[in-house]
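Written out below as structure tokens is the structure these notes cover.
The values are calculated or read from the model by the stated rules, or taken from the named source; none is laboratory data. Quick caveat: nothing in here was measured; it's all calculated off a predicted structure. Here the Cβ positions follow ideal geometry from the backbone for every residue, glycine too, while neighbour counts run over all protein chains shown. Calculation scope for accessible area: heavy atoms of the full protein, side chains included, ligands and nucleic acids excluded. Shrake-Rupley method; radii C 1.70, N 1.55, O 1.52, S 1.80 Å.
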Amino acid sequence: MSREAHPGSLAGRIPAAIADGRLERAAGVRLGTDSHAMLCGNPDMLKDVQAGALPCAGMRKHRRRTPGHISVESFW
């Protein structure tokens, strides 16, 4: 849950948690070309994450003909 504060959870928008490193610190791993991210959520969040920090870490969208690091499921 990113809207309300809960002990041990991250508050705020997911794109911001990726961009400022909070997600990596909480998970104890660095995002990069040896990572795979599965994104599921509202279309605006998906666009923000795919356009922001993940490409900066060298990650690209996974496609059948060009394997990558980001899989997306739009759930809205």
Listed by first then second residue, the pairs whose first member lies in the stretch 49-76 and is within 21 Å of Arg13 (Cα to Cα) and in contact (Cβ under 8 Å) with a residue 60 or more places away in the chain, whose partner is in a loop (DSSP other than H, G, I, E, B) and among the polar types (S, T, N, Q), with beta carbons under 9 Å and at least 6 positions apart or on separate chains, are none
Spot the failing condition for Trp76; the list is (1) open to solvent by 80 Å² or more (accessible area, probe 1.4 Å); (2) in contact with a strand residue (DSSP E or B) (Cβ under 6 Å, 6 or more places away or on another chain); (3) in a loop (DSSP other than H, G, I, E, B), and only one is missed.
(2)
I'm checking my understanding of the structure. Among residues of the stretch 55-73 that are out of contact with any Gly (no Cβ under 7 Å at 6 or more places or on another chain) and assigned to a strand (DSSP E or B), which one is least open to solvent (accessible area, probe 1.4 Å)?
Ile70
Looking at the stretch 27-54, which of its residues are among the aliphatic types (A, V, I, L, M), in contact with a helix residue (DSSP H, G or I) (Cβ under 9 Å, 6 or more places away or on another chain) and open to solvent by less than 70 Å² (accessible area, probe 1.4 Å)?
Leu31, Ala37, Leu39, Met45, Val49, Ala53, Leu54
